[in-house]
Amino acid sequence: MLFLKLLQSLVKALNSDGTPGQVAAGIALGAVFGLTPLMNVHNLVLFLLAMILNVSFPGVMLGWALFLPVGFAFDPVFDAIGRGLLAGTPALLPFWTWCYNTPIVALTNFNNTIVLGSVVAWAVAFVPLFFLARWLVARYRVTVYARLQKTKVFQAVKASSLYNMYRLFRP
């Protein structure tokens, strides 16, 4: 059942009325939820940002689903990045002390090496990920989706009354 929901989210995101840029921004923004530990203040802020900005929310969910296994696989790398920033850079020690002693900033959990490393890795990868996702979504719509629309199965489903009722009542 979960696999079908994921597949439905993928199709909905890729075929939505949003531009490839909106879908790509959603995917790139949603990647943070998959790469970083979920229960952190920065994820709440980015979730609110995703709700406010004109990005594809199905794209956000798709980015989260795609990058969740990547986040678990790269935890040792994120730990090394975070450890290098927290302990390996003495010049940053006063900054990290200030962050830890500031009430709101301390809630971000940036003193955790995996959280810090994953947020830094996501921030560095955001722009390249956006451009790659925009290119892939545009290519998908021009090649794969255009071919799918010409198949008899696709046309039959689209002509069915059940599909038309779905389009009428979908959010």
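The values are calculated or read from the model by the stated rules, or taken from the named source; none is laboratory data. Keep in mind the model is a prediction, meaning the values are calculated, not measured. Counting neighbours? That spans all protein chains shown, and the Cβs are built from the backbone with ideal geometry, glycine included. Quick note on the areas: whole protein, heavy atoms, side chains included, nothing else; ligands and nucleic acids left out. Shrake-Rupley method; radii C 1.70, N 1.55, O 1.52, S 1.80 Å.
Listed values, structure above:
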item: Rough spin-label spacing in nm, given labels placed 7 Å along Cα→Cβ, for L66 and R147; result: 1.9 nm
item: Heavy atoms of L66 accessible to a 1.4 Å probe, total area in Å² rounded to 10; result: 90 Å²
item: Mean accessible surface per residue for the stretch 21-101, computed with a 1.4 Å probe while every protein chain stays in place, in Å²; result: 53 Å²
item: Most to least accessible of R141, R83, R134 (protein chains only, probe 1.4 Å); result: R83, R134, R141
item: Contour excess over end-to-end distance, with Cα ends at A91 and V120 and 0.36 nm allotted per residue; result: 8.7 nm
item: Debye, to nearest 20: dipole size of the stretch 17-162, +1 on Lys, Arg Cβ, -1 on Asp, Glu Cβ; result: 800 debye
item: Two-site label geometry, A138 and L49: point separation in nm, points 7 Å out along Cα→Cβ; result: 2.4 nm
